[in-house]
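One structure is given below, encoded as structure tokens.
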Amino acid sequence: MTRARSALSRPALRRTIRAALLGGTLFALAACGGNDRPRTELQAAQINTIGVNAYLWRAALETVSFAPLLQADSAGGVIVTDWYANPANPNERVKMTVTILDQDLRADALRVATSRQVSEGGNWVEAPVQAATVQKLEDIILTKARDLRRQALASS
């Protein structure tokens, strides 16, 4: 009897039992609701089911959609494109990596890196990327993300 009482008196065990009971209660209550979804008071920028800000994620995917995707990891917030050559300029190609660093919709939660190559004698050679190009991509993504957030708030 004293072992049972001493085991239950441990704070960690009590917290675990409390969490399990609370989780079970919340699960049972979730099945009781009707078709109306409750409104949440959380900021829309915080609501997501992925590891990063949902608006930044969608905006980044839309922005780089012209290039073929190599990797899109929503949990880690990384989008990597394959090389893309503009049909109007086939002697130049670009590759982009977009990293979303946070769950908040902020400018410093986004990082864009680009690589550029030009064709010289049939071989692809690294070429510099203008800083303005990277800045423009970041601005486009941030503007789209803010527009998506505004639309979501207006429709709720």
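Values in this text are rule-based calculations from the coordinates and carry no lab data. Quantities reported herein were computed from a predicted structural model and do not represent experimental measurements.
Using Cα pairs closer than 8 Å and at least 6 residues apart in sequence, work out the relative contact order for region 110-156, in percent.
Working: 25 pairs, mean separation 14.0, N = 47.
Computed value for region 110-156: 30 percent relative contact order.
When only Cα pairs under 8 Å and 6 or more residues apart are kept, what is the percent relative contact order across region 53-92? List each step's numbers first, then the result.
Details: 32 pairs, mean separation 11.8, N = 40.
Relative CO of region 53-92 lands at 30 percent.
Can you quote the Å³ per residue value for the convex hull of the Cα atoms in region 48-155, rounded to an integer?
Values: hull volume 11.4 nm³, N = 108.
Taking the convex hull of the Cα positions in region 48-155, it is 105 Å³ per residue.
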